[in-house]
Amino acid sequence: MTSAPAAPPAVARLARGWHRAECWIAIVAFSLIAVLLMLDVLGREVLGPLLHGLGFQPGSTGIQGAQRAAVYALVVGSFCGVGIATATSAHLVPRVAFSWLPDRWDPVVSRVADAFTGCFLLGVAWYGLQFVLASKEIGMRAPVVGWEVWPFQLAIPAGFVSASLRYFLFATWPGLKPPPPEFQE
């Protein structure tokens, strides 16, 4: 069997930058969740009782819509995680039929499996996009805050497209694929 071609340096840089961008988006999303929920709880549980104790009637002291906004940040962060898990080989891999074929076929089987997985994830992304388009078409809005939800839902197909494109990169240039962890749960 011939060895797979090495990835062009520009492709490797693109993959690293793409991974970094997804990590930063996830960090921002999860940080936003933490800040929103912490401020909401502090407002309701500390500031509210303190103002009441001082004789003020401040009304609601939590952040209106904080919990709903946190849910949408969770959607964005979680679906960035699909690409992040693929880029770092941190996703779960079922060990079914791993020893059915001779070891010498592993490089070819791995590339075919990566191409198949990429196609499968593109199909999942297509269905995710249909879900987003349906939400947009009916004008679905988030309760409490009144935001249209489809922009946040775009993270669903985007996460699957991201993972799919990575699998296509792995099938084309196996050297880009991270090694699996020492043990898989």
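The values are calculated or read from the model by the stated rules, or taken from the named source; none is laboratory data. Keep in mind it's a predicted model, so treat the numbers as computed, not measured. Cβ sites come from the backbone with ideal geometry, for glycine too, and all protein chains shown count toward neighbours.
Of everything in region 101-150 that is of a type in the set (S, T, Y) and under 23 Å from the mean Cα position of the chain (by Cα), the residue that is surrounded by the fewest Cβ atoms within 10 Å (Cβ to Cβ) is Y127. Among the residues of region 101-126, just one is among the acidic types (D, E) and modelled with pLDDT of 90 or more, namely D114.
P8: exposed (fewer than 11 other Cβ atoms within 10 Å of the Cβ) and within 17 Å of L169 (Cα to Cα), yes or no? Here the answer is yes, as P8 does meet what is asked.
The set of residues in region 1-37 being among the β-branched types (V, I, T) and farther than 30 Å from R68 by Cβ consists of T2, V11.
The residues listed here are R44, R20; of these, the one that is basic (K, R) and at pLDDT below 90 is R44. Scanning region 60-79 turns up no residue that is modelled with pLDDT of 95 or more and in contact with a Ser or Thr (Cβ under 6 Å, 6 or more places away or on another chain).
Report, by residue number, each residue of region 85-100 that is surrounded by 12 or more Cβ atoms within 10 Å (Cβ to Cβ) and modelled with pLDDT of 80 or more. Write out each step before concluding.
Of all residues in region 85-100, those surrounded by 12 or more Cβ atoms within 10 Å (Cβ to Cβ) come to 85-91, 93.
Across region 85-100, the qualifying residues are A85, T86, A87, T88, S89, A90.
Here is a yes/no grid of residues against (1) in contact (Cβ under 8 Å) with a residue 24 or more places away in the chain; (2) assigned to a helix (DSSP H, G or I):
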{"residue": "P5", "(1), (2)": "yes, no"}
{"residue": "G17", "(1), (2)": "no, yes"}
{"residue": "C23", "(1), (2)": "yes, yes"}
{"residue": "M38", "(1), (2)": "no, yes"}
{"residue": "Q64", "(1), (2)": "yes, no"}
{"residue": "V75", "(1), (2)": "yes, yes"}
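Within region 90-110, being in a loop (DSSP other than H, G, I, E, B), touching a residue at least 40 places away in the same chain (Cβ under 8 Å) and either in contact with a Cys (Cβ under 8 Å, 6 or more places away or on another chain) or farther than 26 Å from L32 by Cα (or both) holds for L92, V93, R95. Looking only at residues of region 74-84 that are small (G, A, S) and touching a helix residue (DSSP H, G or I) at 6+ places or on another chain (Cβ under 7 Å), we find that the one that is surrounded by the most Cβ atoms within 10 Å (Cβ to Cβ) is G83.
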